[in-house]
Amino acid sequence: MKVDSKSDLYRRLPSVDELLHDTQLSQLIAQEGKVAVTNAVRTVINRSREQIARGEFDEQTLSDLATEVVEELQQSLKHSLRTIINATGVILHTNLGRAPLAPAALDHIQNTAGGYSNLEFDIESGARGKRDVHVDHLFAKLLNAHVGTPAPGSPSPQVSTIVVNNNAAAVLLALNTLADGAEVIVSRGELVEIGGSFRIPEIMAKSQAILREVGTTNRTAIGDYESAINEKTKLLLRVHRSNFEITGFTDRPRLDELVSLSRRRNIPLVEDLGSGSLFDLRTVCVNGEPTVFDSLHAGVDVVTYSGDKLLGGPQAGILSGRADLVAKMRANSLFRALRVDKLTYAALEATLLAYVKHDHDSIPVLRMMRLSKDAITARAHEIAKKIRSPKIAVDLIDGESVIGGGAAPSAVLPTCLLAITSVDFSADELAERLRKSDPPITSRVQEDRVLLDLRTVFPAQDGFILDAFAKF
Ligand SMILES: *Cc1c(COP(=O)(O)O)cnc(C)c1O
């Protein structure tokens, strides 16, 4: 076919109105509305003009314009935020949204967030209520039994809890409330940076507290804290090192030594736990990761931790501890700026109820941690058996899943990996093809193989992995 001249093509390009009257588009208008379709038509026509100018436009393109509008509209109305299949084996993957929520949490969001709720309303009295009551009593139920013995003469302690946007906000609120303009003592070995630019010294500066570093990177003794205390000291801060470990010639005070110093000198002790587990990881053979219970039992005054790390709930920062100190934080105007919405309370309440019922397997991240290697191997076998593409070779090999989220950084869980290689593609190309399938599948690349760990894949998603390989 002879290529039309450019001016001929420009002339034959339909107007927006003409294209809108194409029969193929009338149904689209009924479904998606005239505004959206008109925008897509404009985009397609503008693009066509550019294509004509570049000589990339012909009869065929001209006759397919309506189809192009349909595709353009589908593309432009697609969500940016999409489901991804996490086959990396990293359970708490910050880039993939950390903890998937429990079905009960989703139900509770669904039931309460689409309408009005008693978020700040006392149904009994009809008076204004407080949004934090919805989870405070559940935290109290879970935590009270674990609080250490009170100082002599003090009443039996009740744990209070408030919730803010994330743990970075929780640390900021704690520092600003308890040490605005005053000194906070921290070990040099704990001045950490957590992914996403959370740095203890910077948060400290923003909170208007003054950082008083003690000890050295690898060794800090209780005496270092003691000798740094002066009349300006208002707080002792302990920070979970989260994403790294210091080994070798190292030392830092035990938590009980810090607690006794804090009580002796009457200076509160706050611990930034980071992950803050309500579940004993020793039951899945992971040692050395303290629970929220351990810290409160040891006598820490206030602990801060994330809602979407080991707790397995929504993004949130949680402050649990001494009622008088938590009340001060609630009264700080920063608390109002950092507060969370009803979706978070709904998800958190349902997640905490699962803990109250000891229904740990209903919380996805806990279920993933508790999955046995045998159960993962059985699923991997099923998938390997069904991958029939002649271009793909599949092996089952031993491997390790990791918890992520800064919890127990060196701990691993034994797993079975699908190791994929191909005669036609490099490992990086294979990984890219998996990432570009629908839904996208993320994997690990190691030693020229693509590794898929089913620990972090929901069993209902196994079929998508097969579908992706069927297209290779
Ligand atoms: C993860 C982490 C934070 C930041 O928590 P976010 O909920 O991501 O804001 C702060 N401190 C420690 C020790 C952490 O591990």
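Data table
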{"quantity": "Dipole moment magnitude, nearest 20 debye, the range 213-293 about Cα centre, only Lys, Arg, Asp, Glu C-beta charged", "calculated": "200 debye"}
{"quantity": "Per residue Cα convex hull volume in Å³ - calculated over the range 400-468", "calculated": "105 Å³"}
{"quantity": "Value of relative contact order over the chain, rounded to a whole percent, pairs C-alpha under 8 Å and six or more apart", "calculated": "19 percent"}
{"quantity": "Inter-probe distance in nm under a simple model that places probes 7 Å from Cα toward Cβ, at Thr217 and Asp8", "calculated": "7.3 nm"}
{"quantity": "Efficiency of FRET from Cβ geometry, Ala30 and Asn287, R₀ 51 Å, rounded to 0.05", "calculated": "0.25"}
{"quantity": "Cα-only Debye scattering, the chain: base-10 log of I(q)/I(0) at q = 0.09 Å⁻¹", "calculated": "-0.77"}
{"quantity": "Under 12 Å from the Asn332 label point (7 Å along Cα→beta-carbon), backbone N, the range 258-277", "calculated": "270"}
{"quantity": "Residues in the range 404-423 that a label on His146 would reach, taking backbone N under 16 Å of a point 7 Å out along Cα→Cβ", "calculated": "407-408"}
{"quantity": "For the range 1-141, radius of gyration divided by Kirkwood radius, i.e. Rg to Rh on alpha-carbons", "calculated": "1.27"}
{"quantity": "Label-point separation, His358 to Ala323 (7 Å along Cα→Cβ), nm", "calculated": "2.8 nm"}
{"quantity": "Nearest-0.05 FRET efficiency for Arg54 and Asp448, computed from C-beta distance (R0 41 Å)", "calculated": "0.55"}
{"quantity": "Trypsin sites (Lys or Arg not before Pro) within the range 245-334, DSSP loop, no more than 15 other Cβ atoms inside 10 Å", "calculated": "Arg254"}
{"quantity": "Rg over Rh [alpha-carbon atoms, Kirkwood Rh] for the range 6-76", "calculated": "0.97"}
{"quantity": "Point-to-point label distance, His137-Asn95, nm (Cα→Cβ direction, 7 Å offset)", "calculated": "4.4 nm"}
{"quantity": "For the range 103-362, the spread of Cα positions along each principal axis, largest first, Å", "calculated": "55, 41, 41"}
{"quantity": "Gyration tensor (alpha-carbon) shape descriptor, the range 255-318, a/c threshold 1.5", "calculated": "oblate"}
{"quantity": "The range 1-85 - percent relative contact order, Cα under 8 Å, separation 6 or more", "calculated": "37 percent"}
{"quantity": "Cα-centre dipole for the chain with unit charges at Cβ (Lys and Arg positive, Asp and Glu negative), debye to 20", "calculated": "760 debye"}
{"quantity": "Neighbour count of at most 16 Cβ within 10 Å plus DSSP loop: longest GluC sites (Glu not before Pro)-free window in the chain", "calculated": "246-446"}
{"quantity": "Two-site FRET efficiency, Ser80 against Thr43, from Cβ-Cβ distance with R₀ of 25 Å, rounded to 0.05", "calculated": "0.90"}
{"quantity": "Quarter of Cα convex hull surface for the range 328-472, i.e. mean projection, nm²", "calculated": "12.0 nm²"}
{"quantity": "Neighbour cut-off at most 16 other Cβ (10 Å), DSSP loop, chymotrypsin sites (Phe, Trp or Tyr not before Pro), the range 216-280", "calculated": "Phe244, Phe249"}
{"quantity": "Relative contact order %, the range 280-421, counting alpha carbon pairs below 8 Å whose residues are six or more apart", "calculated": "20 percent"}
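We did not get these values from a lab; they are worked out from the coordinates using the rules stated. Predicted, not measured: the structure shown is a model, and the values here were computed from it. Here the Cβ is made from the backbone with ideal geometry for all residues, glycine too, and neighbour counts use every protein chain on show.
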